[in-house]
1. Right, LEU15: over 18 Å from MET56 (Cα atoms) and surrounded by 17 or more Cβ atoms within 10 Å (Cβ to Cβ) or not?
2. Go through segment 27-55 and report how many residues are within 18 Å of ALA7 (Cα to Cα) and either of a type in the set (S, T, N, Q) or touching a residue at least 24 places away in the same chain (Cβ under 8 Å) (or both).
3. In segment 21-48, how many residues are assigned to a loop (DSSP other than H, G, I, E, B) and under 18 Å from ALA8 (Cβ atoms)?
4. Do you know which residues across segment 14-23 are free of Cβ contacts under 8 Å to residues at least 12 places away in the same chain and touching a helix residue (DSSP H, G or I) at 6+ places or on another chain (Cβ under 8 Å)?
5. Any residue in segment 1-17 that is touching an Asp or Glu at 6+ places or on another chain (Cβ under 7 Å), outside any helix (DSSP H, G or I) and modelled with pLDDT under 95?
Amino acid sequence: MRLRRIAAGLKQKTLADLAELSEAHVSLIENGKRSPGADVLKRLATALDCAIEDLMAVEEPMHLEGPELQ
């Protein structure tokens, strides 16, 4: 999910706002410390303009540079 968010040019706060979640919740999901339920996955997919299945795919490392990784 993090790579999709970064590719969309979104900060965690912006994604959280679009999905009506807290920034902390988004961070926990991105760091694998919380598993999102179906409703949260749907909101995140809508915010990122992708399919739920895309969010559940294993992310491969991308070579990104700059502060957008934070």
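1. Taking the combined requirement at face value, the residue does not satisfy it.
2. Within segment 27-55, residues that are within 18 Å of ALA7 (Cα to Cα) and either of a type in the set (S, T, N, Q) or touching a residue at least 24 places away in the same chain (Cβ under 8 Å) (or both) number 13.
3. Selection size over segment 21-48: 2.
4. ALA16, SER22, GLU23
5. Yes, segment 1-17 contains at least one residue that is touching an Asp or Glu at 6+ places or on another chain (Cβ under 7 Å), outside any helix (DSSP H, G or I) and modelled with pLDDT under 95.
The values are calculated or read from the model by the stated rules, or taken from the named source; none is laboratory data. From a predicted model like this one, the values you see are computed outputs, not experimental measurements. Note that each Cβ is placed from the backbone with ideal geometry, even for glycine, and that neighbours are counted across all protein chains shown.
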